[in-house]
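Data block below; observations after.
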Amino acid sequence: MSLQDYRPMMERCSMCLNCRWIPFDKIKSQRYGQNCPSIGYYNFNTNTARGRFQMAQSMLDGRTTYTDDVIETIHSCTACGACDMACKVCRYNLEPLDHNLELKAHAVADGKTLPGQLPVIENLVKENTMLVGAKKANRMDWAEGLDMIDLFKETADVAFFAGCQYSYNKDLQKVARNAVKVLQKAGVKVGTLGGADNCCAGRALQMGFTKEYNDQSSANIKAFEKAGVKTIVTPCSDCYHAFKRQYPKSGSTVEVLHMVEYLDRLIADGKIKFTKSVPMSVTYHDPCHLGRLGESFTPWEGKEKKILNQVHTWEPRRPRYTGANGIYDAPRNILASIPGVELVEMERIREYSWCCGAGGGCSDTLPEFSSWTAGERLTEANATGADALVSACPWCKNNFANAVDENGNKMQVLDIIELVQMAL
Ligand code: SF4
Ligand code: SF4
């Protein structure tokens, strides 16, 4: 689609501004009623989904040009999808998140990018990873000494896809190693593409770099086919979303499971048994791309039409992604099964969770905005009285851990795999 294709949505936005709040019946306090990091930080209505519709319409009509403020506003969206869920509580014919991303892609195609975006994308093109400075040649360093099956030679139960953060981030590499060890101990034959895989590139899509996403995802789909991959397990929520929701649009048929889904199954089947108590109260952060954006892709072909020359609809009916069917129970089941762990929930959870701030490339391009967003979540987590904030995504963990360092916040931040490891 092009930005022009979204014009009917721009025109039918009712400007109700539901897109900046979690649904009113879910709000527990004024302090944690907002859902959109972008308007939360910039305090300007143009940063909402509604504002983005209006800005795009104004650009198409030639009333708005690219100023520095306009370019920053377009890219200051973490692609968290909270506006999308909020809009769909009462609207059925708008896709605010898809539009936000199309607006970014439109700006990128016009050469209107932020300075921090280009090194990330250059590294993706040259080294197949979006972590600046990381090299393709070192992609499998994290797995040294692990007895993983080479999928180009043998079959395995699952292909383990660590993703860029777990592969290159020194603080997270041990988490990926532990994830593989936990699976192996449970009797799972774990395979690898041995570095033939690239970055999932979902983050490039979130930043508006469509061509770069297409190049990387096509190469990955070919590598999966060549190695005969049937099932991927990934501990990264960004990779999960890319493989599960985006790659099927390009023909991928591989089954995709997040590590928490697979662990939940192994625990339920008695293949993982916890032997130690972890006396700790924790609060769980739902990663956007595992939770509300973690629903399966549903193929759809059809066209837009008007009923009685008034009501916009689609024929046949379009799939409706409301976030209700994201991955929420599996991580909570895991936490409930660890002896000693007590879960205390934050006010904004499941499809109405607050974003960690790393998405949409914002941790690279707009670090102050990204850090503020993470700090908001840390404050909310601290309000529960929990000992630790637990998540299931390396981008979330990294962004929270950096915000702890920057803001002096005392909250301990853990990956759920670390908790599992502590109980074995
Ligand atoms: S995008 Fe949706 S929720 Fe936001 S103002 Fe428009 S109709 Fe309302
Ligand atoms: S995707 Fe998230 S950050 Fe972007 S406009 Fe929607 S709620 Fe705000």
Can you compute the FRET efficiency between ASP98 and GLU368 using 1/(1 + (r/R0)^6), with r the Cβ-Cβ distance and R0 = 30 Å? Round to the nearest 0.05. 0.65
Whole-Hz Karplus ³J(HN,Hα) for the stretch 313-320, in order, using 6.51 cos²θ - 1.76 cosθ + 1.60 and θ = phi - 60°, x for Gly and Pro? 8, 10, 10, x, 4, 7, x, 10
Charge tally for neighbours of LYS271 with beta carbon under 10 Å away, counting Lys, Arg as +1 and Asp, Glu as -1, is +2
Provide the FRET efficiency to the nearest 0.05 for the GLU315-ASN214 pair, computing r from the beta carbons and using R0 = 41 Å. 0.90
Please give the Cα centre distance for the stretch 119-136 versus the stretch 303-348, rounded to the nearest Å. 33 Å
Ranked from fewest to most other Cβ atoms within 10 Å of their own Cβ, LEU343, LEU335, LEU193 fall in the order LEU343, LEU335, LEU193
Reach of LYS136 by Cα under 17 Å, taken over aspartates and glutamates that are not fewer than 8 positions away in the same chain: GLU122, GLU127, GLU144, ASP197, GLU212, ASP215
Amide H neighbours of VAL341 at under 5 Å, excluding residues fewer than 5 places away on the same chain, with H built from the backbone geometry, are VAL278, MET280
Give me the net charge of TRP354's neighbourhood, meaning all other residues with Cβ under 11 Å from the Cβ of TRP354; Lys, Arg count +1, Asp, Glu -1. -2
Give the lysines whose C-alpha is closer than 28 Å to that of LYS276, dropping any in the same chain fewer than 8 places away, or say none. LYS170, LYS174, LYS181, LYS185, LYS189, LYS397, LYS410
Which of the aspartates and glutamates could a cross-linker bridge to LYS230, judged by Cα under 13 Å and excluding same-chain residues fewer than eight apart? GLU154, ASP157, GLU255
The chain: C-alpha gyration tensor shape, a/c 1.5 cut-off, then a/b vs b/c: prolate
Please check: in the Gaussian network model of the chain (C-alpha springs, under 10 Å), which one of PHE161, PHE53, PHE44 has the largest mean-square fluctuation. PHE44
If each residue of separation counts as 0.36 nm, what is the full-extension length gain between MET1 and VAL132 once their alpha-carbon separation is subtracted? 44.2 nm
Label the stretch 228-286 by shape, choosing from rounded, prolate and oblate, from the square roots a ≥ b ≥ c of the eigenvalues of the Cα gyration tensor; if a/c is under 1.5 it is rounded, and otherwise prolate applies when a/b is larger than b/c, oblate when it is not. oblate
Give me a comma-separated list of calculated 3J(HN,Hα) values for the stretch 385-395, in order, Karplus coefficients 6.51, -1.76, 1.60 applied at θ = phi - 60°, integers in Hz, x for any Gly or Pro. x, 5, 6, 8, 9, 10, 9, 10, 8, x, 5
Antiparallel versus total DSSP beta bridges in the chain: what percent is that, nearest 5? 25 percent
The stretch 259-413 shape via C-alpha gyration tensor axes, a/c threshold 1.5: oblate
Exposure proxy check: GLU72, GLU376 ranked by fewest other beta carbons within 10 Å? GLU72, GLU376
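Quick note: the coordinates plus some simple rules give every number you see, no bench work behind them. Note that the structure is predicted; figures quoted are calculated from it, not measured. Note: ideal-geometry Cβ built from the backbone for every residue, glycine included; neighbour counts use all protein chains shown.
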